[in-house]
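See structure below.
The values are calculated or read from the model by the stated rules, or taken from the named source; none is laboratory data. Everything numeric in this text was worked out from a predicted model, so none of it was measured. Reconstructed Cβ throughout: ideal geometry from the backbone, glycine too, with neighbour counts over all protein chains shown. In case anyone asks, the SASA skips ligands and DNA or RNA and just uses the protein heavy atoms, side chains included. Shrake-Rupley method; radii C 1.70, N 1.55, O 1.52, S 1.80 Å.
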Amino acid sequence: MLNVLMDLAEADAGSMRLDREEIALRELTDEVTELYALVAEERGIQFRNEVPAWCTVTADRLKLRRCVANLVDNALKYSPDGSTVTLSGASADGTVTLSVKDKGTGIAGEDLPRIWERLYRAEQSRTTPGLGLGLSLVRAIIEAHGGAVDVQSEPGRGSTFTLRLPEVEQKTGRQPD
């Protein structure tokens, strides 16, 4: 908890240290799906990683993996046994998106603006273990990378959290005009 609070304080101050490297998102999401595969299997949750191999970003690998792991952990935590959690990705107009979609409890409209606040827990999540720091940390890390995060959710139908990050410029070998 202390480490998360320290990371949030650094992000607020604009001094979050990022060890950037080029990352293939499929490789990173494979690491996260491997980490959570047993949890999904024990609950009969179908866990799909549909992130294309060609989606790449320049980011801090550990921090980005922490974001994806937090979203996957939440998706599994709030999804019913036998449902599906899907990771997907795309690239367009210089932006790479990475989405985590579940068919879980969803988030009430009045709670959506507050889920990013530190220590906030919506009423339906209070019976599940957690501190209410994960989503605020996800947002802080993604914004430190020059990206954004958003959510679409409907109570009883699930949620989709989407990370948006700048795409790595492709090297074509072509000389400028």
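Can you tell which of Val96, Val72 is crowded, with 17+ Cβ neighbours inside 10 Å and in a strand (DSSP E or B)?
Criteria check complete, one pass: Val96.
Only residues in region 138-165 that are more than 23 Å from Ala24 (Cβ to Cβ) count as the first member; pair them with residues that are part of a helix (DSSP H, G or I) and of a type in the set (A, V, I, L, M, F, W, C), Cβ under 8 angstrom, at least 6 apart or cross-chain, and list the lot.
So the pair list comes out as Ala140/Leu8; Ala140/Ala11; Val151/Leu112; Ser153/Leu112; Ser159/Ala75.
Kindly establish whether Glu123 is of a type outside the set (A, V, I, L, M), surrounded by fewer than 13 Cβ atoms within 10 Å (Cβ to Cβ) and at pLDDT below 95.
yes
Among the residues of region 48-69, how many are outside any helix (DSSP H, G or I), open to solvent by 50 Å² or more (accessible area, probe 1.4 Å) and closer than 14 Å to Val100 by Cβ?
2
Tell me yes or no: at least one residue of region 27-37 is of a type in the set (Asp, Glu), open to solvent by less than 30 Å² (accessible area, probe 1.4 Å) and touching a strand residue (DSSP E or B) at 6+ places or on another chain (Cβ under 9 Å).
Within region 27-37 (the criterion being of a type in the set (Asp, Glu), open to solvent by less than 30 Å² (accessible area, probe 1.4 Å) and touching a strand residue (DSSP E or B) at 6+ places or on another chain (Cβ under 9 Å)), the answer is no, since none of the residues qualifies.
Collect the residues in region 78-92 that are closer than 17 Å to Gly106 by Cα and either without any contact (Cβ under 8 Å) to a residue 12 or more places away in the chain or open to solvent by less than 30 Å² (accessible area, probe 1.4 Å) (or both), keeping them in residue-number order. Steps first, answer last, please.
We begin by selecting, within region 78-92, every residue closer than 17 Å to Gly106 by Cα; these are 78-87.
Selection gives Ser79, Ser83, Thr84, Val85, Thr86, Leu87.
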